[in-house]
Amino acid sequence: MDFSFSEDQRSLVQGARAYFSGRYGPEVLRRLDLDGLCNPEIWKGLTEMGLTGLLVPSEQGGMGMGLVEGALIAAECGRVALAEPLVDTALIAVPWLISRGDTEALAKIAAGEKRVAISHVINPWLNDGDGTPLESIDPLRHLTTVEDAENDPFLLDLGALMSAAQLIGVGDAMLSQAVEYAKIRTQFGQPIGAFQAIKHQLANCVGAIEFAKPVVWRAAQAMQDALPLAPVHVSHAKFAATDAATLTAETAIQVHGAMGYTYEVDLHFWMKRCWALAGAWGDRAFHLRRIDHAVLGGEGNKWPLAIGPEHTFS
Amino acid sequence: MQLTYTPEQEAFRADVRAWMQANVPREPLATLECREGYDQHVAWERTLASDNWGMVTWPEAYGGRGLDLIQWLIFEEEYFRANAPNRANQNGIFLLGPTIMEYGTEEQKQRFLKPMAKGEVIWAQAWSEPGAGSDLAAISSRGVRDGDHYVLTGQKTWSSRAAFADWGFGIFRTEPNSKRHKGLSFILFDLNTPGITRRPIRQLHGEAGFAELFFDDVRVPVENRLAGEGEGWNVAMATAGFERGLMLRSPGRFQATAKQLIDLYRKHESHASPGAREAVIQAWGAAQAYAYNTYAVAAKIIAGGKIGAEASLNKIFWSELDRTMHRTAMQLLGAQAELKRFADGTLNHWLEGYIFSLSGPIYAGSNEIQRNIIAERLLGLPRLGAG
Ligand SMILES: Cc1cc2nc3c(=O)[nH]c(=O)nc-3n(C[C@H](O)[C@H](O)[C@H](O)COP(=O)(O)OP(=O)(O)OC[C@H]3O[C@@H](n4cnc5c(N)ncnc54)[C@H](O)[C@@H]3O)c2cc1C
């Protein structure tokens, strides 16, 4: 029993974080928003970092990592509100294709030559397709309609897990933006961050995010280990991460005052990602229902969840 | 990340489970807040200690079993699974014990830890004063040096179990005219020392769960001071960290409550609101989240890390979860919620639990103070200035 990340996992995260923060600030998001989202250099960079092939087996030229590493990287994508559909291709489509034994496209994905996004009936559109465009409130999501969407539960769980992980990064980022703003904006002769009404709201966000994190990591490990109850843990993760990020989005804009209501301040990119991901791959009600089924479904239910102090990990 | 137990850990769990099955009293004990209940709970401490279950993480020399934090968590899970009684000695084993382990001299460890683990000496925490609650640095009780003794004067209050306990640990101003955090010392004293008057305080449910303590020239040997003279504040903050952090409220307690709440919901489903249903599901989720987080903290400590201001996050989380779960139970019980005993004579433990849950956000440093700590220490937000 060891609920901690390995040295390798930690350095993977640090590497990705350093890479993103050096090259991928809000200026880039603004430019992409203006230019209509095309800068092939960024995808090239992600490929060179090995991120497109993160979960692709080494035989196909990837790094052969697992879903825990995938979730950690998804969180980093959320942290920078990455516009490129890396999560859709590399962290959702790839493990799904692998689960179906469909390895044809993997080498190309790892090499950065192909992007694959797969749609599920629960959100029948694609982030990065070539159908009719659909406009999302998130200007960095490039949604298009699809003809046939899949209806595979494993795909749904992958999408939900990776959305939950992104929401963790999105939440962290909004929190630090709000904290930085609270330190520099002065009113009544002090930084607004000195006021308890601001402090306590921000402290609530820390609590919500910090207690959602281990739920997400646990879900990632459960999927990685293919536990029969992994879907329940994924729903728990999506639910907890959505609530934490939503609380943080609302708090962060409040802390920014009218500045938070402008396009000029960066916060909106992350808020919009939060709104989009909150409903993607199963909304709050969907995931609540799945947990409900496991917790209250009683005998003979699909996910017979053992409940009690001795069942933390059963 | 490895979220499965080793065969040794599983075997340990089986041992604890078997022991609990054989030893946990069948009938619930009287409340710890009254004389009769206190005595029953102390007897239970001694039963635990008779097989060295008093504090499993402590070295064997101090009455423990030298186990690691994962085993401690397993022990706690089984403890709450078995619905075993509250720990009469929680302030000793969870707060003072770890503090002595860190700051005590070898002589103090020998002297205090074993009787603590064995349930022979029950400890009360004597920090708060009428003028020093949240603002603990406003302490005015004094300890005046007289040769190899301190002479204690002043008043402490809200001291849990002090009406019946054996020893107390307090913070006293030992440097005359010192201000705030300076000049305080952490002093251990026998509650039966001449000059100490205990006045039990009735809590809102009617029992004397805590007490006021009056000190009238109470002579305490200098060797009862923990750490250096004037270092009391730092020691106290370490104790507070143990209190809010890992030990005082282990996850099993809340997972057990969540499970009971789920059972209660099933009984009352026909007249429950949709909101109550969601609250019940969230209770399971939050109790699990708290457990995962605790395992993560344990892993961090095992790897040599420390838990700092994050302890405040834990304290808010468990205390507010506990209150929410009990409030939900009261809503589910509806008209029956007010009954101390149900018509069939069984105890309405939800009512007692709800009342107690209201104190969680107050004791161990109020949740407002915890939010200040998170904002200032974790987020680096500034203190309020003169404006
Ligand atoms: C059941 C129970 C058991 C206890 N057991 C013990 C014990 O064993 N030993 C012991 O020493 N003490 C004990 N206490 C006392 C406890 O530590 C104090 O109650 C606590 O520290 C709060 O102090 P106070 O009651 O004086 O409230 P106050 O400090 O008067 O606070 C009243 C309200 O004001 C708020 N407030 C105060 N200052 C601030 C601030 N700076 N910012 C925002 N809000 C603020 C508080 O959060 C609270 O809501 C116990 C209390 C209870 C309820």
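Values quoted throughout were computed directly from the atomic coordinates according to the rules given, and no laboratory measurement underlies them. What you see is a predicted model, and the numbers here were worked out from it, not measured in a lab. Please note: Cβ atoms are built from the backbone with ideal geometry, for glycine as well, and neighbour counts cover all protein chains shown.
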(request) Please give the helix B:7-23 orientation as an angle from the longest Cα principal axis of chain B, in degrees from 0 to 90, rounded to the nearest 10. (result) 90
(message) Per residue of region A:16-26, what does 6.51 cos²θ - 1.76 cosθ + 1.60 with θ = phi - 60° give for ³J(HN,Hα)? Whole Hz please, x for Gly and Pro, Karplus curve as stated.
(response) 5, 5, 5, 4, 4, 6, x, 10, 9, x, x
(message) Once you keep just the Cα pairs under 8 angstrom separated by 6 or more residues, what percentage relative contact order results for chain A?
(response) 17
(message) Can you return the lysines within cross-link range of B:Lys267? Criterion is Cα-Cα under 28 Å, with same-chain partners fewer than 8 residues away left out.
(response) A:Lys302, B:Lys259, B:Lys340
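Determine the shape class of the protein assembly as shown: with a ≥ b ≥ c the square roots of the Cα gyration tensor eigenvalues, call it rounded for a/c under 1.5, and otherwise prolate if a/b is greater than b/c, oblate otherwise. Write out the running numbers ahead of the final one.
On the way: a/c = 2.07, a/b = 1.67, b/c = 1.24.
In terms of gyration-tensor shape, prolate.
Do any chymotrypsin sites (Phe, Trp or Tyr not before Pro) in region A:230-293 lie in a DSSP loop with no more than 16 other beta carbon atoms within 10 Å, and if so, which?
Numbers: sites: A:Phe239, A:Tyr261, A:Tyr263, A:Phe269, A:Trp270, A:Trp275, A:Trp281, A:Phe286; in loops: A:Tyr263, A:Trp281.
The qualifying sites are A:Tyr263.
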(message) If I fit a long axis through the Cα atoms of helix B:274-302 and take the longest principal axis of the Cα atoms of chain B, what angle between them do I get, 0 to 90°, rounded to 10?
(response) 50
(message) Please compute the contact order of region B:321-384 in relative form: average sequence separation of alpha-carbon pairs under 8 Å and at least six residues apart, divided by the residue count, as a percent.
(response) 27
(message) Checking the a/c ratio against 1.5 first, then a/b against b/c, what shape does the Cα gyration tensor give for chain A?
(response) oblate
(message) Checking the cross-link filter: which lysines have an alpha carbon closer than 19 Å to that of B:Lys109, excluding same-chain neighbours under 8 positions apart?
(response) B:Lys118
(request) May I ask you to evaluate 6.51 cos²θ - 1.76 cosθ + 1.60, the Karplus curve with θ = phi - 60°, for each residue of region B:132-138 and list the ³J(HN,Hα) values in order in whole Hz, giving x for glycine and proline? (result) 9, x, 4, 8, 4, 5, 7
(request) Evaluate the distance, in nm, between pseudo-label points positioned 7 Å from the Cα of B:Glu10 and of A:Arg10 along their respective Cα→Cβ axes. (result) 3.0
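As a footprinting exposure proxy, order B:Ser312, A:Ser11, B:Ser250 by other Cβ within 10 Å, with the fewest listed first.
Working: B:Ser312 28, A:Ser11 11, B:Ser250 22.
In increasing order of surrounding Cβ atoms, one gets A:Ser11, B:Ser250, B:Ser312.
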(request) Mind giving me the FRET efficiency for B:Leu358 and B:Leu67? R0 is 45 Å, r the Cβ-Cβ distance, nearest 0.05 is fine. (result) 0.85
(message) Given points 7 Å out from each Cα along the Cα-Cβ axis, report the B:Asp344 to A:Glu135 separation in nanometres with one decimal.
(response) 6.2
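Among B:Arg219, B:Arg253, which comes first, then next, by fewest other beta-carbon atoms within 10 Å?
Numbers: B:Arg219 15, B:Arg253 20.
Listing B:Arg219, B:Arg253 from fewest to most nearby Cβ atoms yields B:Arg219, B:Arg253.
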(request) Whole Å is fine, so just give me how far the alpha carbon centre of region A:1-75 lies from that of region A:241-314. (result) 23
(message) Using a Förster radius of 41 Å, what is the FRET efficiency between A:Thr144 and B:Val24 based on their Cβ-Cβ separation? Nearest 0.05, please.
(response) 0.10
(message) Could you identify which residue out of B:Lys267, B:Lys156, B:Lys315 has the top mean-square fluctuation in a GNM of chain B using Cα springs shorter than 10 Å?
(response) B:Lys267
(message) Could you tell me how far the Cα centroid of region B:24-72 sits from the Cα centroid of region B:1-15, in Å?
(response) 22
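Under the classification rounded if a/c is under 1.5, otherwise prolate if a/b is larger than b/c and oblate if not, where does region B:133-175 fall, given a ≥ b ≥ c as square roots of the Cα gyration tensor eigenvalues? Spell out each step's value before the answer.
Numbers: a/c = 2.90, a/b = 1.27, b/c = 2.29.
Oblate shape, in that a/c is at least 1.5 and b/c is the bigger or equal ratio.
Quote the relative contact order of region B:123-236 in percent (integer), defining contacts as alpha-carbon pairs under 8 Å separated by 6+ residues.
Details: 293 pairs, mean separation 34.2, N = 114.
Rounded, it is 30 percent for region B:123-236.
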(message) With the crude spin-label approximation of a point 7 Å out along Cα→Cβ, what separation in nm comes out for B:Gln203 versus A:Arg284?
(response) 3.5
(message) With a 10 Å cut-off between alpha carbons and a GNM built on chain B, which of B:Phe75, B:Phe112, B:Phe12 moves the most?
(response) B:Phe12
(request) Compute the separation of the alpha-carbon centres of region B:258-278 and region B:367-387 and state it in Å as a whole number. (result) 38
(request) Determine, from the Cβ-Cβ distance of B:Arg377 and A:Ser99 and an R0 of 41 Å, the FRET efficiency 1/(1 + (r/R0)^6), rounded to the nearest 0.05. (result) 0.40
(message) Using a Cα-Cα cut-off of under 21 Å, which lysines could be cross-linked to A:Lys272, ignoring same-chain neighbours fewer than 8 residues away?
(response) A:Lys213, A:Lys238
(request) Using a Gaussian network model of chain A whose springs link C-alpha atoms within less than 10 Å, name the residue from A:Met49, A:Met162, A:Met174 with the highest mean-square fluctuation. (result) A:Met49
(request) Go through region B:70-84 residue by residue and turn each phi into a ³J(HN,Hα) via Karplus (6.51, -1.76, 1.60, θ = phi - 60°); whole Hz please, and just put x for glycine and proline. (result) 5, 5, 4, 5, 4, 4, 5, 4, 5, 4, 6, 4, 7, 6, 6
